[in-house]
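*Asks:* Below is one structure. I have some questions about it.
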Amino acid sequence: MKQRFGSVTVTMDFEKFGATAAIKAPPAAQTGDVTEQLKKAVAQQQSIKQGRTRR
């Protein structure tokens with residue numbers, strides 16, 4: 001499944017859903033919080049879509 005948020009595309013693969021995997025979280029220095037950027041992108045997309053439906 002793919003979803004676009006502004007210029008970001010998020011891809012999710014559920015092919016092996018339920019299988020266990022060995023994972024390790026990255027160090028905090030290699031992570032970031034993009035919550036606000038995603039909120040702005042979604043709001044911008046909704047604004048664009050609303051503009052199209054009003055015409």
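*Asks:* For the chain, what does the equivalent ellipsoid look like in terms of its semi-axes, each the square root of 5 times an eigenvalue of the Cα gyration tensor, given largest first in whole Å?
*Replies:* After diagonalising the Cα gyration tensor, the semi-axes are 31, 18, 7 Å.
*Asks:* If you don't mind, there's one more thing I want to ask. Please list, ordered by chain and number, the residues whose modelled amide H lies under 5 Å from the amide H of Phe5; skip anything fewer than 5 residues away on the same chain.
*Replies:* The answer is Val10.
*Asks:* Which value, in Å², gives the accessible area per residue of region 1-44 when a 1.4 Å probe is used on the protein heavy atoms?
*Replies:* 97
*Asks:* Further, regarding this structure: For a test of understanding, tell me how many lysine pairs in the chain have Cα atoms under 26 Å apart, given they are 8 or more places apart or on different chains.
*Replies:* On the way: Lys2/Lys16; Lys2/Lys24; Lys2/Lys39; Lys2/Lys40; Lys2/Lys49; Lys16/Lys24; Lys39/Lys49; Lys40/Lys49.
Value for the chain: 8.
*Asks:* Towards the positive end of the charge dipole of the chain, with charges on Cβ (+1 Lys, Arg; -1 Asp, Glu), say which of Pro26, Ala43, Met12 has the farthest Cα.
*Replies:* Among Pro26, Ala43, Met12, the one farthest towards the positive end of the dipole of the chain is Ala43.
*Asks:* A further question follows. Mind pulling the angle between the C-alpha long axis of helix 35-54 and the longest principal axis of the chain? Nearest 10 degrees, somewhere in 0 to 90.
*Replies:* 30
*Asks:* How large is ³J(HN,Hα) for each residue in region 13-23, as worked out from phi by the Karplus curve 6.51 cos²θ - 1.76 cosθ + 1.60 (θ = phi - 60°), to whole Hz, x for Gly and Pro?
*Replies:* Karplus-based 3J(HN,Hα) across region 13-23 equals 10, 9, 4, 10, 4, x, 6, 8, 9, 7, 10 Hz.
*Asks:* Another question, then. Once you put a point 7 Å from the Cα of Thr20 and another 7 Å from the Cα of Ala43, both along the Cβ direction, what distance in nm separates them?
*Replies:* 4.4
*Asks:* Stretch Met1-Gln50 to full length: gain in nm at 0.36 nm per residue minus the Cα-Cα span? Could the numbers behind the result be given before it?
*Replies:* Numbers: separation 49, 0.36 × 49 = 17.64 nm, distance 2.44 nm.
That pair, Met1 and Gln50, stretches by 15.2 nm at full extension.
The values are calculated or read from the model by the stated rules, or taken from the named source; none is laboratory data. None of these values were measured; they are calculated from a predicted model. Using ideal geometry, Cβ is built from the backbone for each residue, glycine included, and neighbour counts are taken over all protein chains shown. Note: accessible area is taken over every heavy atom of the protein model, side chains too, but ligands, DNA and RNA are not part of it. Shrake-Rupley method; radii C 1.70, N 1.55, O 1.52, S 1.80 Å.
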